[in-house]
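I have placed the structure first, in the form of structure tokens, so that the comments after it can refer back to it.
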Amino acid sequence: MIVAEQKPLEEIKGLLGEAGRVLIVGCGTCVTVCFAGGEKEAGILGSLLRMSTKMEGHAKDVGEVTVQRQCEWEYLDAIRDRVAEADVVLSLGCGVGVQALAERYPNAVVVPGLNTKFMGLPLEQGVWAERCAACGQCLLGLTGGICPIARCSKQLLNGPCGGSSQGKCEVNPDIECAWQLIYDKLKAQGRLHLLMEITPPKDWRTSRDGGPRKIVREDLRLPVAEKA
Amino acid sequence: MTDTSNGYKSGSNLEKVLRAGNFAVTAELGPPKNADGEVIRKKAAILKGFVDAANITDNQTAIVRMSSVGAGTIALQAGLEPVMQMTCRDRNRLGMQSDLLGAYALGLRNVLCLSGDHQTFGNHPQSKNVHDMDSMQLVQMVVGLRDKNCFQCGEEIKGVNPRFFVGAAENPFGDPFDFRPYRLGKKAKAGADFIQTQLIYNVPKFREFMKRVVDLGVHKQVSILAGVGPLKTPGAAKYMRDQVPGMDVPDEIVERMEAAGKGIEDKKAKAAANKEAGIKICVEMIQQMREIEGVAGVHIMAIEWEEAVPIIMEKAGLLPRPTFNGSSGN
């Protein structure tokens, strides 16, 4: 899932500026699961903004609505009227959600209420960790299902570096050394031969380095007439 | 010009020393955090004639310093053969190759390929790192420029190609310990000509590492220079033991450093006693390294203490250094 965190309230208030009517748009998918921008968080943030702006003597009219998936047009079409009434739309979606709103409603002022952090998973209640960097050419088959691009601080393909110590990364003892994990996994599986080969330099064109990415699936595209 | 007679790969002094079967010695020269070339000339004057080549660090510990190409060129002009360090942290494959072309044109002949310390340790922790390639791939690339006469992309180099003597690093005490000898073997397979290890204070453990390296036959494919360095103070020993990831400093070494200055009130005398002990330990380690099968030389890391190197060399009986064709590379 995409993991995000809410921005500090003061920063959010700064983004809202003088706007009188604010619409908070939550998202029912990833950011709900990571407790950053779902219906519940939208409600709490709405109350906070109403209370604090009232106490500061410039009460804002704050409404909330949560859509199932902020990153798809069809879910956004249902809130057209509410968007039209707002001076500012405060998105609690990930960066994709914010942009989907801004694209669908070109006249609306859309600002982000979250910082989108990474693609990852919950390790335990309240703890999330990064797992995928979307490099566009998956090599997990060579590395025991542990990604060195997302999880090695130096993105080494032929690790570990000399800073690996007792399973930890030199950057921070809270970070596990991805290459220690890869080594342990492949050793346990009797597949250490995979580490004896030199992995060649990566072709980063499939990653962000190749420019903004897009997938076109001709087998799924609709005939021109049906698109309209 | 490059001396490729006798089948030399690069013709560097370091290559000649190793090829002739001499116990090689390299040192380290840290460029300044400013644009003053005089700093390099002063340090080079201290080391010149006492070592076979000196590493010029590349933004060591991720702190901005004069480039290893620039500082290496000044060292060369001052008569000290440089080993240009190159990390994968700050440049992509375009930047690294163009610097290699420039460095070669300026007369540099040795390069040490490194991943690079992470930028969070340095003075620009906000920066973006690159890591387009890793150190293993960098070795392959520099070897390819020399032996395949082509750029990393496969395109032929038309005209003069850079012919470097190619080095890499290895930390014998990094984890997983069992994999380290194999990783060293991978660097040899990538084409590395020489290896400089991280600082070693735990000689028994290094001996165990080298035994495994020798069992794999890796020492015959690549010249291994063991990293040693004089400790200046007991505090430095303790810091390395307790705070530096991947460092293994036995208590015995710390205790010897603590004992050296014990009971000495005068600050200057205490510092001198500490330094003397540090140099003594370093000399002993060099002697021990010479007895270990597969060790082709030592890399002396006297960080911001270049003056210690000639003393260590003298005490270790490693002088004079070999010369070739009537003149040393220095």
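Step through the residues of segment A:59-66 one at a time and calculate ³J(HN,Hα) from phi using the Karplus curve (6.51 cos²θ - 1.76 cosθ + 1.60, θ = phi - 60°), rounding each to whole Hz and writing x for Gly and Pro.
Here the 3J(HN,Hα) series is 3, 9, 8, 10, x, 10, 8, 10 Hz.
Roll a 1.4 Å probe over the protein chains and send me the accessible area per residue for chain B in Å².
Numbers: 13520 Å² over 330 residues.
Value returned for chain B: 41 Å² of accessible area per residue.
If you take the accessible area of B alone, add that of A alone, and subtract the area of the pair, what total do you get in Å², probe 1.4 Å, to the nearest 100? Working shown, then result.
Values: alone 14780 and 13950 Å², together 26210 Å².
Summed over both sides, the interface buries about 2500 Å².
Taking H placed 1.01 Å from N in the peptide plane, check which residues at least 5 places from B:Ile195 or on another chain put their amide H under 5 Å from its amide H.
Residues meeting the criterion, in which the H sits 1.01 Å from N, are B:Ala168, B:Ser223, B:Ile224, B:Leu225.
Using DSSP, restrict attention to beta bridges with both residues in chain B and report what percent are antiparallel, rounded to the nearest 5. Each step should come with its number before you reach the end.
Values: 2 of 35 bridges.
So the antiparallel bridges amount to about 5 percent of the total.
Using r as the Cβ-Cβ distance of A:Ala188 and B:Lys128, and R0 as 35 Å, what FRET efficiency do you calculate, to the nearest 0.05?
Efficiency computed from Cβ-Cβ geometry: 0.50.
Taking every DSSP beta bridge that has both residues in the protein assembly as shown, what percent is antiparallel when rounded to the nearest 5? All intermediate terms of the calculation are to be shown ahead of the outcome.
Details: 15 of 62 bridges.
Percentage antiparallel, nearest 5: 25.
Quick one: compute the contact order of segment B:181-272, relative version, from alpha carbon pairs under 8 angstrom and 6+ residues apart, as a percent.
Values: 85 pairs, mean separation 27.2, N = 92.
The normalised contact order for segment B:181-272 reaches 30 percent.
First select every other residue whose beta carbon is under 13 angstrom from the beta carbon of B:Ala53; then total the charges, Lys and Arg +1, Asp and Glu -1.
Values: positive: B:Lys16, B:Lys48, B:Arg109, B:Arg321; negative: B:Glu15, B:Glu28, B:Asp52, B:Glu81, B:Asp193.
Neighbourhood net charge equals -1.
Considering every residue in B:134-144, what mean count of other chain Cβ atoms within 10 Å of its Cβ is obtained?
Working: counts 13, 6, 8, 8, 1, 2, 4, 1, 0, 0, 0.
Mean partner-chain Cβ count within 10 Å for B:134-144: 4.
Sort segment B:179-330 into rounded, prolate or oblate with this rule: let a ≥ b ≥ c be the square roots of the eigenvalues of the Cα gyration tensor; rounded if a/c is under 1.5, and if a/c is not under 1.5, prolate when a/b is larger than b/c, oblate otherwise.
Values: a/c = 2.49, a/b = 1.44, b/c = 1.73.
Because a/c hits 1.5 or more and a/b fails to exceed b/c, segment B:179-330 counts as oblate.
Out of all DSSP beta bridges with both ends in segment B:150-257, state the antiparallel percent to the nearest 5.
Details: 1 of 9 bridges.
The answer is about 10 percent antiparallel.
Give me the net charge of A:Glu64's neighbourhood, meaning all other residues with Cβ under 14 Å from the Cβ of A:Glu64; Lys, Arg count +1, Asp, Glu -1. It would help to have the intermediate numbers written out before the result.
Working: positive: A:Arg21, A:Lys40, A:Arg50, A:Lys60, A:Arg82; negative: A:Glu39, A:Glu41, A:Asp61, A:Glu85.
Around A:Glu64, the surrounding residues sum to +1.
Would you mind classifying segment B:32-157 by shape? Square roots of the alpha carbon gyration tensor eigenvalues, ordered a ≥ b ≥ c; an a/c under 1.5 is rounded, otherwise it is prolate if a/b is larger than b/c and oblate if not. Let's see the in-between values first.
On the way: a/c = 2.16, a/b = 1.18, b/c = 1.83.
Oblate is the answer for segment B:32-157, as a/c is 1.5 or above yet b/c matches or exceeds a/b.
Would you work out the relative contact order for segment B:64-171, in percent, from Cα pairs under 8 angstrom that are 6 or more residues apart? Kindly include the intermediate steps, with their values, before the conclusion.
Numbers: 156 pairs, mean separation 31.0, N = 108.
Over segment B:64-171, the number comes to 29 percent.
Give the separation of the Cα centroids, segment B:116-176 to segment A:155-219, in Å.
If you average the Cα positions of each part, the centres end up 17 Å apart.
Which residue fluctuates the most in chain B, going by a Gaussian network model with Cα springs under 10 Å, if the choices are B:Val51, B:Val64, B:Val111?
Of B:Val51, B:Val64, B:Val111, the most mobile in the Gaussian network model is B:Val64.
Please list 3J(HN,Hα) in residue order for segment A:3-15, calculated via the Karplus relation 6.51 cos²θ - 1.76 cosθ + 1.60 where θ = phi - 60°; whole Hz, with x for glycine and proline.
10, 9, 9, 6, 5, x, 4, 4, 5, 4, 4, x, 5
Keeping the other protein chains in place, figure out the carbon and sulfur percent of the accessible area of segment A:143-228, with a 1.4 Å probe.
Values: 2670 of 5110 Å².
Result for segment A:143-228: 52 percent of the exposed heavy-atom area is carbon or sulfur.
Amide H to amide H under 5 Å from B:Val295: which residues, 5+ apart in sequence or cross-chain, H placed 1.01 Å off N in plane?
none
So, for chain A, what is the accessible surface per residue at a probe of 1.4 Å, expressed in square angstrom? Intermediate results must be reported in sequence, preceding the final value.
Values: 12690 Å² over 228 residues.
Here the per-residue accessible area is 56 Å².
For a test of the definition: using alpha carbon positions, the gyration tensor, and the 1.5 limit on a/c, classify the protein assembly as shown as rounded, prolate or oblate. Don't skip to the end; give the middle numbers.
Working: a/c = 2.39, a/b = 1.92, b/c = 1.24.
The shape class here is prolate.
Relative contact order (percent) for chain B, with alpha-carbon contacts under 8 angstrom and 6 or more residues of separation?
Values: 639 pairs, mean separation 64.7, N = 330.
Averaging sequence separation for qualifying contacts and normalising by length gives 20 percent for chain B.
How large a share of the accessible area of segment A:1-115, in percent, is made up of carbon and sulfur atoms when the probe is 1.4 Å and the other protein chains stay in place? Let's see the in-between values first.
Working: 3050 of 5740 Å².
Solvent-exposed carbon and sulfur of segment A:1-115 make up 53 percent of the total.
Which of B:Cys282, B:Cys150, B:Cys88 moves most in a GNM of chain B, Cα contacts under 10 Å?
Result for chain B, Cα springs under 10 Å: B:Cys150 fluctuates most.
For segment B:178-198, state which residues have at least 50 Å² less accessible area in the presence of all protein chains than in their chain by itself, taking the probe as 1.4 Å and leaving out ligands, DNA and RNA.
Those are B:Phe179, B:Arg183, B:Lys186, B:Lys189, which lose 50 Å² or more relative to the chain on its own.
Give A:Lys7/B:Lys33; B:Lys48/B:Lys315; B:Lys48/B:Lys232; B:Lys9/B:Lys43; A:Lys40/A:Lys117 a once-over and call out the pairs whose C-alpha atoms are over 26 Å from each other.
Details: A:Lys7/B:Lys33 38 Å; B:Lys48/B:Lys315 17 Å; B:Lys48/B:Lys232 22 Å; B:Lys9/B:Lys43 28 Å; A:Lys40/A:Lys117 20 Å.
Check vs 26 Å cut-off fails for A:Lys7/B:Lys33; B:Lys9/B:Lys43.
With n ≥ 4 as the cut-off for DSSP H runs, can you work out [θ] at 222 nm for chain B, using -39500 (n - 2.57) per run divided by the number of residues, rounded to the nearest 500?
Numbers: 11 runs with 128 residues, N = 330.
About -12000 deg cm²/dmol.
The values are calculated or read from the model by the stated rules, or taken from the named source; none is laboratory data. Note that this is a predicted model, so its numbers are computed, not measured. Glycine also receives a Cβ, built like all others from the backbone with ideal geometry; neighbour counts cover every protein chain displayed. All accessible areas refer to the heavy atoms of the entire protein, side chains included, with ligands and DNA or RNA removed. Shrake-Rupley method; radii C 1.70, N 1.55, O 1.52, S 1.80 Å.
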